[in-house]
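The values are calculated or read from the model by the stated rules, or taken from the named source; none is laboratory data. Remember, predicted model here, so these are calculated numbers, not experimental data. Note: ideal-geometry Cβ built from the backbone for every residue, glycine included; neighbour counts use all protein chains shown. For the accessible areas, the whole protein counts, side chains as well, though only heavy atoms, and no ligand, DNA or RNA atoms are used. Shrake-Rupley method; radii C 1.70, N 1.55, O 1.52, S 1.80 Å.
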Amino acid sequence: MDVGFIGAGAITEAVVTGLCEARASALSILLSPRNRERSRNLSERYAAVEVAADNQQVVDRSEMVILAVRPQVAEAVLAALKFRPEQRVVSFIATLGSAEIRRRVRPALLAGRVAPVPPAAQRKGPIAMCPPNDQLAKFFDPIGTVIQVSDEAQLDAFFSVSALMAPYFELLESVSAWLRAQGVEAAQADTYTGSLFRAIAEKSTQPSGEGFAELVAEHATRAGINEQLRRELLAVGFYDQVHAGLDLIQARMQGRANYEDTLKKA
Ligand SMILES: NC(=O)c1ccc[n+]([C@@H]2O[C@H](COP(=O)([O-])OP(=O)(O)OC[C@H]3O[C@@H](n4cnc5c(N)ncnc54)[C@H](OP(=O)(O)O)[C@@H]3O)[C@@H](O)[C@H]2O)c1
């Protein structure tokens, strides 16, 4: 299949890397020239990847066009492009709803909105999509765990949760900094922190559908240090703040808030 990407940024690099490493058969990938360095690097690394002269060439030569530009430039980028009626479009753009994308890519068909994450490069992590689409699910299946939903608000919710990636690493950074402040050597602080979080994250990869309360209990020895810290974080509203933050991001996803809004105002 001929697949084109409009926008060759971080998420395109991750998805293209994952697809090429998965050796997805009979796949030919055409990238828009921006970012020039990133698209050139990908084309040098993988025989299946080629860089187009411009965005319109990507559209003209692709059966499926994946939109992966930032929402701020999407309107101008899409307004300049001519799509074909039989063409399928997939959008990675977090904050543009399907009605708006459909309008902007006419007469092409929107096959779905898809929410990949950077670990797609390592063929790991969730790939949420809406609406359910078996063909599209099969396409993304080699590079992650596909989760299909019919309700677009649920896709927005998954996108919102993916905003926890940088806050998660900020948590690791603050934990490591705290260890350094206790006199721990920097490499040991990073090693301990990374190793601990990686090991406990692995525990959550077998979903039961019953939440994670069992893992909480398993890791909270009665009257122990985990139970105490969890109790205190609950008491000061640490997790409530996470929920409030997700509400804010979800509001932004749905056009009810913007980047300038803060938790205090929300
Ligand atoms: N990063 C993620 O984890 C993630 C996950 C899911 C969905 N998404 C969505 O994917 C989209 C891209 O995110 P990203 O993180 O990959 O952003 P990014 O790294 O900033 O990539 C955006 C790319 O678009 C290019 N671009 C700008 N103007 C263009 C134009 N007129 N024509 C073609 N390309 C143009 C930029 O090129 P220059 O560098 O030359 O400006 C850049 O390479 C966003 O809408 C985001 O919501 C991102």
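Within the bounds of the stretch 218-238, is there any residue that is touching a Leu at 6+ places or on another chain (Cβ under 8 Å) and not assigned by TED's automatic domain parsing to the domain that holds Pro71?
From the stretch 218-238, those touching a Leu at 6+ places or on another chain (Cβ under 8 Å) are none; that's our starting set.
Looking through the stretch 218-238, none of the residues is touching a Leu at 6+ places or on another chain (Cβ under 8 Å) and not assigned by TED's automatic domain parsing to the domain that holds Pro71.
Any residue in the stretch 21-30 that is in a strand (DSSP E or B), within 16 Å of Ile143 (Cβ to Cβ) and more than 11 Å from the ligand (Cβ to nearest atom)?
yes
Looking only at the stretch 76-105, which residues are among the charged types (D, E, K, R) and exposed (fewer than 12 other Cβ atoms within 10 Å of the Cβ)?
Result: Lys82, Glu86, Arg103.
Inspect all residues belonging to the stretch 4-14 and state whether any of them is out of contact with any Ser or Thr (no Cβ under 8 Å at 6 or more places or on another chain) and either in a strand (DSSP E or B) or more than 12 Å from the ligand (Cβ to nearest atom) (or both).
No, the stretch 4-14 contains no residue that is out of contact with any Ser or Thr (no Cβ under 8 Å at 6 or more places or on another chain) and either in a strand (DSSP E or B) or more than 12 Å from the ligand (Cβ to nearest atom) (or both).
Hey, any hits in the stretch 205-212 for a residue that's of a type outside the set (Asp, Glu), assigned to a helix (DSSP H, G or I) and either over 27 Å from Thr95 (Cβ atoms) or open to solvent by 70 Å² or more (accessible area, probe 1.4 Å) (or both)?
Yes, there is a match, as at least one residue in the stretch 205-212 is of a type outside the set (Asp, Glu), assigned to a helix (DSSP H, G or I) and either over 27 Å from Thr95 (Cβ atoms) or open to solvent by 70 Å² or more (accessible area, probe 1.4 Å) (or both).
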